[in-house]
Amino acid sequence: MQPLAKAEILIEALPYIKKFYGKTVVIKYGGHAMTDPELKDKVITDIVLMKYVGINPVIVHGGGPEINYWLEKTGQEFRFVNGMRVTDEKIMEIVQMVLIGKVNKEIVGLVQKNGGKAIGLSGIDGDMIKVSKKVVEKDGKKIDLGYVGEVEHVNPHLILSAIEQGHIPVIAPIGTNGNGDVYNINADYVAGSIAGALEADKLVLLTDVEGVLDQKGNLVSSLSIKEAQEFIKTGVIDGGMIPKIECCIEALLSGVKTVHIVNGRLPHAMLLEIFTHSGVGTMVVKE
């Protein structure tokens, strides 16, 4: 790339850097971008860069493939209902060890390797995430998922304290019911709830798809809540994209200004979405 072209890219980014300076961006980190070593490094570098230009990134991570690996390694059977893992006491022990003890600390280490300061947290710390037991319906029957929680309340005090001290908070999606019981929570919903509690400017969901596609398979660059609900109703949005869109809607109704669904397999997708005119994913807005 010619030096002039590089300069033009920086100039294009300038109004966005000014606009988001001092603002909070919550990133749901998961999918392929979390398992591919090269992509992993690029995503974390992008997040560290955001911090250095004055944005306050907050990472909420998943870890499903890693949990599956360790469950298989320890000979434990597991199953999913409506995309959610049925979690008994033994499985919850593995989930907690993998998410808090392994995945969370690896991300913290990567941030610090790339020049940032990070602190690893979970919803258990400081009673950050209070949950109720999640029950789902399938074929007209209510199914008990075990230790799977639904976010009831987020106390953002610890997150805000970490940001004030110059850290990038890295949060594992585990919470408690207030009685000492620990629950696994869908990371998309945790990211949405935390973004709402922080009144974040943006929520970015890293996925393994381009974004939301219309009836013809074309990328929808901008989508309102009303349009999203219509897409779900007519089946344009289906499968695993439904909980992501529901999470987007909840976050927007909680005060988050915009939500972005971007393809984490595309190197530097977050920077392209936030700091360029055209973007590369789907932006979901209230109206």
Quiz prompt | Local electrostatic count, I119, Cβ distance below 13 Å [Lys/Arg +1, Asp/Glu -1] | solution = +1
Quiz item: Can you flag which of K90/K134; K142/K233; K19/K244; K23/K257; K23/K130; K73/K141 are past 20 Å Cα-Cα?
Solution: K142/K233; K19/K244; K23/K130; K73/K141
Exercise. Return the loop-located GluC sites (Glu not before Pro) in segment 54-93 (DSSP other than H, G, I, E, B) with at most 15 other Cβ atoms within 10 Å of their own Cβ; answer none if there are none.
Key: E77
Exercise. Collect residues whose amide H, placed 1.01 Å from N in the peptide plane, falls under 5 Å from the amide H of L145; neighbours closer than 5 in sequence don't count.
Key: V136
Practice problem: Give me the net charge of P65's neighbourhood, meaning all other residues with Cβ under 14 Å from the Cβ of P65; Lys, Arg count +1, Asp, Glu -1. | Solution: -1
Quiz item: Can you give the calculated 222 nm mean residue ellipticity of the chain, where each DSSP H run of n ≥ 4 adds -39,500 (n - 2.57) and the sum is split over every residue, rounded to the nearest 500 deg cm²/dmol?
Solution: -11500 deg cm²/dmol
Quiz item: When the Kirkwood radius is taken over all Cα pairs of the chain, what Stokes-Einstein diffusion coefficient follows at 10 °C and 1.306 mPa s, in µm²/s?
Solution: 82 µm²/s
Quiz prompt | DSSP beta bridge pairing in segment 15-93, given as percent antiparallel to the nearest 5 | solution = 25 percent
Quiz item: Relative to the first principal axis of the alpha-carbon coordinates of the chain, what is the inclination of helix 3-20, with its axis defined by its Cα atoms, in degrees from 0 to 90 and to the nearest 10?
Solution: 60 degrees
Quiz item: With charges set only on the Cβ (+1 for Lys and Arg, -1 for Asp and Glu), what does the dipole of segment 21-285 come to about its Cα centre, in debye to the nearest 20?
Solution: 280 debye
Quiz item: Considering only DSSP beta bridges whose two residues both sit in segment 21-285, what percent are antiparallel, to the nearest 5?
Solution: 40 percent
Practice problem: Count charges around L219 for me, please; just the other residues with Cβ under 13 Å from its Cβ, Lys/Arg as +1, Asp/Glu as -1. | Solution: -2
Quiz item: Normalised by the residues of segment 21-285, what does the relative contact order come to in percent, with Cα pairs under 8 Å and at least six apart?
Solution: 22 percent
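None of the figures in this text is laboratory data; all of them are computed from the coordinates on show. For clarity, every value in this text was computed on a predicted model and none was experimentally measured. Neighbour counts are summed over all protein chains in view; Cβ atoms, including those assigned to glycine, are modelled from backbone coordinates with ideal geometry.
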